[in-house]
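Structure first, commentary second.
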Amino acid sequence: MNKTLSIALAGFSFMIDEHAYIKLSDYLNALRNSLDAQEADEVMHDIEIRMVEIFKETLAKREVINDSDVEKVIAQIGTPEQIDEQEEAYFSEGKQSKNKKSGTFYNNSQKQLFRDPENAKLGGVCAGLASYFGLDVTVMRLIWVATFIVGFRLAPLFLFVGLLYIILWVILPQAQTASDFLKMKGKPMNFDNLKEESGKIVQFANESTEKVGQAFKSQQGNFNNLGNVILTILRVFFAIIFGLLGLSCLIGTFAFFGISFGSDAVNVPEGIAFFLGNDMPNFLLMGILVLTLLIPAIIFTLISIKLFAPNSKLKYTGYVIGALVFLWFALLFVAGFTATRMFTKYSGENNETQNVSIDTESDSILLDVKKVNIPADFKSYFGDYFSDGKLIYKEDYPYVKVKRQDITKPYLIIKKEAEGYNQPIQLTVPVEIIGNKILVPNYFKYSYNERMRHYNANYELVVPRHFKVIDVSDKINLDDDNDDDDDNDDNSGITVEKNKININGTTIEYNSEESDSVKINGKKYSKDSADVVLERMKIDQQVKKSFKDMNINIKDGKKEIHIKTN
């Protein structure tokens, strides 16, 4: 049975047996005697903090410090005799020899991420990362700035970089003790290094104190109390906010898993699955979507925990988040590469025309829309597509260009277009001709494997000059240049000139530089009220009758003035 004592090291209480206490006390006294009086207190405080860390690691479930625990502390920090030998080696063989010897005996420390307040510009994140990875702090800042600038072109990356910096600012602890600075730099925590870092901390504290000035000394207590209250309120508020965000993301993640794996019908959003098909593995897209929810969920939860309990230690969280982020970027890269390869599969364009004769004795052509019947088992995508995974029906908005020539029989030209210069066009356009009536389809059909070729179909109707072309459905985009000629030829009292129309003495003028107004008989009116003005004007009744329900369209490039007379 051994006698035990209660001791305090750096504010922490320990139980130690009597013999170990004597050895530890002698060791501390020897270290203190080897230091200058002016730096002894600061250095010894840092050494005690390091001892506390070693004792906590060594004791585990034990409660009493024994001789072996004290010997382990002495072995890691170093004895006064070893310190004297190192100093002699420093002066006789140079600093390099000293560093080599010191590293050989005591370099058993592991690196740890901290924020570096000594070299901080914005929270000390870059300075801490630079010390951890052994880079110059300027290089690390340039890396962050470059990534941030590149992120402006990619909104998700821009937000991710900014959010990541804020998260690191909140999560990473600030280096305060000499042990923290040594862990940050990965240096051995022996006597020499602890002494050196303690001196730097004292110097940094003195310089910072001088910069603060004397203006706030009288109100320091009040400022501290008020600041602590405000910071506590903000800390709790943001802890709740981040906690709710983390919970929402976690619920979304589990919900996604439940939908994706609990039902065979839903794996990937159908719109994406329609275009990507089997070329993009489902697990790849699911992994990206899950990680997109899971990573913020973990980060927000950790931030909330740290805000609620600033002294809590969360081990290995940085490694877990880093691994998930790396996996997310890897999946994004693979998905982006696969999608790029799919969308750039075809090079150039291919065109194909088909002439269809129209056998009719009539002098007019009627245009109508043919309603294509789509099987009931085809699914709708984006409102314009129907597919069963083998065929695709794409909605078309027919465009018919009328061309008049000196011929006797009309005919229809079907123009098919698709990407892929050296690939045959496999597009089915079910046009139907019955007498003098042409039925153009509202949907055309092609293979599902051809979905990336961007198929399109247009029509050109070639007719004799005296033929009339009538759109009976009013659903076809009909381009017939003969309409304007008919207006000028068949209606007396109407003349059309450049930017001017004359209706029995009433002049309508349009200026391309003033696209929101027109002039009627020299007076300017807005385009919204121009039709009302024309309605009220006293125009010859015969002309009004001839031009009942006439639409006047004045175009200048992409700009257009539309006037309707009744």
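Residues in the range 117-131 that are within 14 Å of residue 174 (Cβ to Cβ) and assigned to a helix (DSSP H, G or I) were compared, and the one that is farthest from the chain's Cα centre (by Cα) is 131.
Residues in the range 1-49 that are in a helix (DSSP H, G or I), among the aliphatic types (A, V, I, L, M) and touching a residue at least 12 places away in the same chain (Cβ under 8 Å): 20, 24, 28, 30, 31, 43, 44, 47, 49.
Taken over the range 405-434, the criterion of being in contact (Cβ under 8 Å) with a residue 40 or more places away in the chain and either within 16 Å of residue 360 (Cβ to Cβ) or not assigned by TED's automatic domain parsing to the domain that holds residue 360 (or both) is satisfied by 407, 408, 409, 410, 411, 412, 431, 432, 433. Scanning the range 385-434 for residues that are exposed (fewer than 12 other Cβ atoms within 10 Å of the Cβ) and either under 46 Å from the mean Cα position of the chain (by Cα) or polar (S, T, N, Q) (or both) yields 390, 397, 405, 408, 421, 422, 424. Annotation note: of 387, 312, 364, the sole residue that is touching a helix residue (DSSP H, G or I) at 6+ places or on another chain (Cβ under 9 Å), of a type in the set (Ser, Thr, Tyr) and touching a residue at least 40 places away in the same chain (Cβ under 8 Å) is 387.
Residues in the range 323-361 that are assigned to a loop (DSSP other than H, G, I, E, B), touching a residue at least 12 places away in the same chain (Cβ under 8 Å) and hydroxyl-bearing (Ser, Thr, Tyr): 3 in all. Answer yes or no as to whether residue 122 is modelled with pLDDT of 85 or more and either of a type in the set (D, E, K, R) or outside the structural domain of residue 32 (by TED's automatic domain parsing) (or both). So residue 122 does not fit the description; no.
A residue that is in the same structural domain as residue 467 (by TED's automatic domain parsing) and touching a Gly at 6+ places or on another chain (Cβ under 6 Å) cannot be found anywhere in the range 383-404.
Whenever a residue of the range 247-264 is farther than 12 Å from residue 294 by Cα, its partners that are hydrophobic (A, V, I, L, M, F, W, C) and modelled with pLDDT under 60, lying with C-beta atoms within less than 9 angstrom and at least six residues away or across chains, give the pairs 259/266; 260/266; 260/268.
The values are calculated or read from the model by the stated rules, or taken from the named source; none is laboratory data. Note that this is a predicted model, so its numbers are computed, not measured. Glycine gets a Cβ as well: all are built from the backbone with ideal geometry, and neighbour counts include every protein chain shown.
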